[in-house]
Amino acid sequence: MSDRLSVFKTYKLYVGGKFPRSESGRVYEVTDAKGNWLANAPLSSRKDARDAVVAARKAFGGWSGATAYNRGQVLYRVAEMLEGRKEQFVREVAEAEGLSKAKAAAVVDATIDRWVWYAGWTDKIAQVIGGANPVAGPYFNLSSPEPTGVVAVLAPQESSFLGLVSVVAPVIATGNTAVVIASEKAPLPALSLGEVLATSDVPGGVVNVLSGRTAEIAAPLAAHQDVNAIDLAGADEALAKELEIAAADNLKRVLRPQAVDYFETPGIERMTAFLETKTVWHPTGSLGASGSSY
Amino acid sequence: MPTSPKFSASLGQGGAPTPTAHALADVTASDSTLRRFLHGLPGVDAVGLEARAASLGTRSIKTTAKAYAIDLAISMVDLTTLEGADTPGKVRALGAKAVHPDPTDRTTPTTAAVCVYPDMVAVAKEAVAGSGVKVASVATAFPAGRAALEVKLADVRDAVAAGADEIDMVIDRGAFLAGKYLKVYDEIAAVKAACGDSARLKVIFETGELSTYDNIRRASWLGMLAGADFIKTSTGKVAVNATPANTLLMLEAVRDFRDLAGVQVGVKPAGGIRTTKDAIKFLVLVNETVGEDWLDNHWFRFGASSLLNDLLMQRQKLATGRYSGPDYVTVD
Amino acid sequence: MAFEYAPAPESRAIVDIAPSYGLFIDGEFTEAADGKVFKTVSPSTEEVLSEVARAGAEDVDRAVKAARKAFEKWSALPGSERAKYLFRIARIIQERSRELAVLETLDNGKPIKETRDADLPLVAAHFFYYAGWADKLGHAGFGADPRPLGVAGQVIPWNFPLLMLAWKIAPALATGNTVVLKPAETTPLSALFFADICRQAGLPKGVVNILPGYGDAGAALVAHPDVNKVAFTGSTAVGKEIARTVAGTRKKLTLELGGKGANIVFDDAPIDQAVEGIVNGIFFNQGQVCCAGSRLLVQESIQDELLDSLKRRLSTLRLGDPLDKNTDIGAINSAEQLARITALAEQGEAEGAERWSPACELPESGYWFAPTLFTNVTQAHTIARDEIFGPVLSVLTFRTPDEAVAKANNTQYGLSAGIWTEKGSRILAVANKLRAGVVWSNTFNKFDPTSPFGGYKESGFGREGGRHGLEAYLDV
């Protein structure tokens, strides 16, 4: 059996729930930590980025309109599906990041638990950061968070799987949709995650995964007028500044890159970064024409 | 195990309709009285309405009840073809299907009517002659209704002259949405007059364009005040057609109108009802909202085309125990 | 010809009820120390479903000890691990929901439509919701690292057996407590099936202990010195007794008790939907609901119209076999409850209120009560003051919003209320004045795991559900 020739996987993008090759028709070589060839990954173009934004926008209404409970169930389903494909991800993460099998397994375990963590947040974040405001007048006044829209996410370059999920899950947990640029040198776990999402009840277009040159893909996304926010986790200092300037054109919400230990339990900042607060006023008035006498 | 006895339903008197609703005589005196009346109708809570419709949708209709419902539904179908490509051949085939929906089983009831464009009425009339199947014609510049009143009335007279038993008119949604209720009312009344004694009038609101449930309730009352024999949801030509919720709302309207005015009006959901399961849900709505007085094709219709074949396949399934397939029903 | 619905019974073959069940202590099914058992019957047929071990004081002690032993490890687990246990339980409940729905309908008598579409989805959702809190307690507003209390003694009623279990167990476990739970004597089965779900989920032994039994077992549990937290849902009379029992101890107490909810319908209400809300408010679960809208307060100007509509609607209700998917009204849970409802209804008549029911044939065996409406009821009538806990609606009238609020609040209870009007500011103005823990507007009997539930006044204290529901199980 050992001399059997294995079947290679063709890695593809994940856009709008489908698995297209890059519109550019180009690929680039992905290697392991020692420089051995692993696969050819699609080299996404600006047109792929544009298509991904269209898909994300199309998915936004349904996903943001789903109940928080429903989104929680879907995110938990992702964890269930990942658990079943653990071996594959342990191998991909080990190869991508040059980790031992045991360390890669710890990374994958933490990644699955991260999905579970965010699955539990969908129906709680509003209770933690929203609430009634005691305005000085006869008004009911309630503030609630709402997703900001389409979020471009530059996934971390080093942590190709745990880091990826740690930045994608908080974006979609609250109802945003995402266009994700995978780690440039280690895109394979991200592309495989697309396959998991496609079988996890996550509606097509909620997460779109592109691989290629981060700077090339990020530039049109940062300038795109139909993108509402951008997470610069995977950008270096110079690129981050350039993208932040481009993002100012339509005042995108920007989350700047910062040092993160992805093994640590996160706070809620990655969620609140991409939430708007809506405050609704409504008169309460009095019971009768002469004011309340009760 | 005890069975589920149904409480005896007592749904009002259902006595002989009186021609004019005395209680409502002054309502249409002017645009402003009409507006005040229509806007004074109780509001509709959308969530509650849809929840009630969905809840009735969970009724489980099995065995004998299903057989009864399928035959009833077949007998309520207005078998419809409203295409630019309609030809005499197509209409004749449709007529034949209406008369003998299932050529292998002559116990199958006929449909209520065939529904065609005015220029096809004569052909349709001939195709169903002697069967009891009615010929309904859309008219009044269907489906948009964007034409001068005289043109619309000519359209109606043409269909009636060709022998149409029923006229399916569309209201002027533009006028309705602009608040010109009296204009809509007058137009319906004029069409009603053009129908004379020979044709029953169905008034189509195009509920998908009226958009809100409050509007659908107001349109229902407006149509009934103007003399509609039937109120009908849709043309089948827009995105949102008949739904359980808008049909439930219209059933409530005909129920309340009979209580107030003593006149019974029929209801016709149209468009988007394709399966037996859907049709049975609508019959449950009728049964539990207005009761058996409306469970007859004189008072309730389905505007549909593909629905009939699904009903026939389900009917065959009940008869034989096997699931049927599209090769065992006719394509016309 | 009338459209009669043929019987459409849900298959009971989906649930396999054993001839006998033990107590569930420390992960094992066991007999009662004194060997006592009791029978549980199906209220719609009086058929004996199973024989169940009856817990006594000695068993309570054993269960509390098991829970105490399990507490150390359970509370020390990372929250994320406790979360995953609860997620597992939520998922298994979803998987087995049809089976549990049929079981609940058999043991309780409520229609399958309700157990299938309301009870079971809410049960699973409740576990799912609190699972997510287990590793986020520091965000709940009770300090950075709030601690559990210890062993929770929980006593639940028979009206929503599995749902009340979920309301008690899910937050207790999420926060790191262990539990001893006593289900009601007429509905022990779903809790025992839940024990099996704990086994499937691999829950550590002793974290959940189930003690079927009567009031004596509940009293022993509440009084047990090693119980740190008492949670009770049931009658106000028993709630008061429990409050006396725990007086002077350090036990934390939450009580969810009776109610006499007012459903207030103003003259500008969406009438058809209001009628649905009134029906749902009082006939959901045969009115055996603590937050039932058992007092209809209707504005006098629309009384006749509304009552006509309501009566017409009641005539379409289908009463009968709870397993039939088309049944709207099922059986009363027990002979005792039926007797109480009957007595109160008779008192209503004796005190001069006008009684009305739709023509309705009641099955010959089992415990049944026809949907009943009382008009000409005033605040002075017993049926306007006492909780009937049955399908009996008392109709009162009011003239002004002030009067509606005054009458709605004129009760020792304060659990729920409903407001029906198209005017938003009136909803909020009236809601502000109502002394009730849950106010529904243009809807009724809505529940959600994210939404706190609980009463004012003699309807109890503490809240279950939502972020608020965590507090009852935390040392804060």
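The values are calculated or read from the model by the stated rules, or taken from the named source; none is laboratory data. Being a predicted model, the structure only gives us computed values, none of them experimental. Every residue, glycine as well, gets a Cβ built from its backbone with ideal geometry; the counts of neighbours run over all protein chains shown.
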ask   = Taking the stated definitions as given, is C:T372 within 14 Å of chain B (Cβ to nearest Cβ), farther than 22 Å from C:N442 by Cα, without any contact (Cβ under 8 Å) to a residue 40 or more places away in the chain and under 26 Å from the mean Cα position of the chain (by Cα)?
value = yes
ask   = So, of the residues in segment C:141-157 that are in contact (Cβ under 8 Å) with a residue 24 or more places away in the chain and surrounded by fewer than 20 Cβ atoms within 10 Å (Cβ to Cβ), which turns out to be farthest from the other protein chains (Cβ to nearest Cβ)?
value = C:R147
key: Residues (more than 7 Å from chain B (Cβ to nearest Cβ) and within 21 Å of C:N333 (Cβ to Cβ)) located in segment C:349-363   = C:S357, C:L362
ask   = Any residue at all in segment C:62-72 that is among the basic types (K, R) and closer than 22 Å to A:W121 by Cβ?
value = no
task = Test C:W420 against the stated conditions and say whether it is under 17 Å from C:F283 (Cβ atoms) and within 11 Å of another protein chain (Cβ to nearest Cβ).
result = yes
query = All but one of (1) part of a helix (DSSP H, G or I); (2) closer than 16 Å to B:F302 by Cα; (3) within 14 Å of another protein chain (Cβ to nearest Cβ); (4) not aromatic (F, W, Y) hold for B:L94; which doesn't?
reply = (3)
note = How many residues of segment B:260-319 are among the charged types (D, E, K, R), within 14 Å of another protein chain (Cβ to nearest Cβ) and under 15 Å from B:D78 (Cβ atoms)? The answer is 1
request  = From the list B:D105, B:D71, B:D26, B:D45, pick out the single residue that is at pLDDT 95 or above, out of contact with any Cys (no Cβ under 8 Å at 6 or more places or on another chain) and surrounded by fewer than 19 Cβ atoms within 10 Å (Cβ to Cβ).
outcome  = B:D71
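For every residue, the table says whether it meets (1) out of contact with any Phe, Trp or Tyr (no Cβ under 7 Å at 6 or more places or on another chain); (2) outside any loop (DSSP other than H, G, I, E, B).
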{"position": "A:V7", "(1), (2)": "yes, no"}
{"position": "A:Y11", "(1), (2)": "yes, no"}
{"position": "A:S22", "(1), (2)": "yes, no"}
{"position": "A:E29", "(1), (2)": "no, yes"}
{"position": "A:K34", "(1), (2)": "yes, no"}
{"position": "A:A39", "(1), (2)": "no, yes"}
{"position": "A:R50", "(1), (2)": "yes, yes"}
{"position": "A:A59", "(1), (2)": "yes, yes"}
ask   = Within segment C:380-407, can you find the residues that are in a loop (DSSP other than H, G, I, E, B) and more than 21 Å from the chain's Cα centre (by Cα)?
value = C:A380, C:H381, C:R399, C:T400
task = Select from segment C:168-190 the residues that are in contact with a helix residue (DSSP H, G or I) (Cβ under 7 Å, 6 or more places away or on another chain), outside any loop (DSSP other than H, G, I, E, B), under 17 Å from C:F232 (Cβ atoms) and in contact (Cβ under 8 Å) with a residue 60 or more places away in the chain and list them in ascending order.
result = C:A170, C:P171, C:A172, C:V179, C:V180, C:K182
task = Taking the residues in segment C:432-474 that are touching a Ser or Thr at 6+ places or on another chain (Cβ under 7 Å) and within 14 Å of chain A (Cβ to nearest Cβ) as candidates, determine which candidate is nearest to C:L163 (Cα to Cα).
result = C:G465
request  = Can you confirm whether segment C:53-64 contains a residue that is among the aliphatic types (A, V, I, L, M), within 30 Å of C:E336 (Cα to Cα), more than 23 Å from the chain's Cα centre (by Cα) and surrounded by fewer than 23 Cβ atoms within 10 Å (Cβ to Cβ)?
outcome  = yes
Odd one out for B:A147 among (1) crowded, with 18+ Cβ neighbours inside 10 Å; (2) not in a strand (DSSP E or B) = (1)
ask   = Does C:V377 count as more than 9 Å from chain B (Cβ to nearest Cβ), in contact with a Leu (Cβ under 9 Å, 6 or more places away or on another chain) and either part of a strand (DSSP E or B) or more than 23 Å from B:V44 (Cα to Cα) (or both)?
value = yes
ask   = Which one of these is in a helix (DSSP H, G or I) and touching a residue at least 24 places away in the same chain (Cβ under 8 Å): B:G236, B:G208, B:G272, B:G227?
value = B:G208
query = Does B:R258 meet the test of being closer than 16 Å to B:D31 by Cα and assigned to a helix (DSSP H, G or I)?
reply = no
request  = Return yes or no: is C:L49 on the phi < 0 side of the Ramachandran plot, away from chain A (no Cβ under 14 Å), touching a strand residue (DSSP E or B) at 6+ places or on another chain (Cβ under 6 Å) and of a type outside the set (G, A, S)?
outcome  = yes
Subset of segment C:384-434 that is among the acidic types (D, E) and touching a residue at least 60 places away in the same chain (Cβ under 8 Å) - its residue that is nearest to C:I329 (Cα to Cα) = C:E387
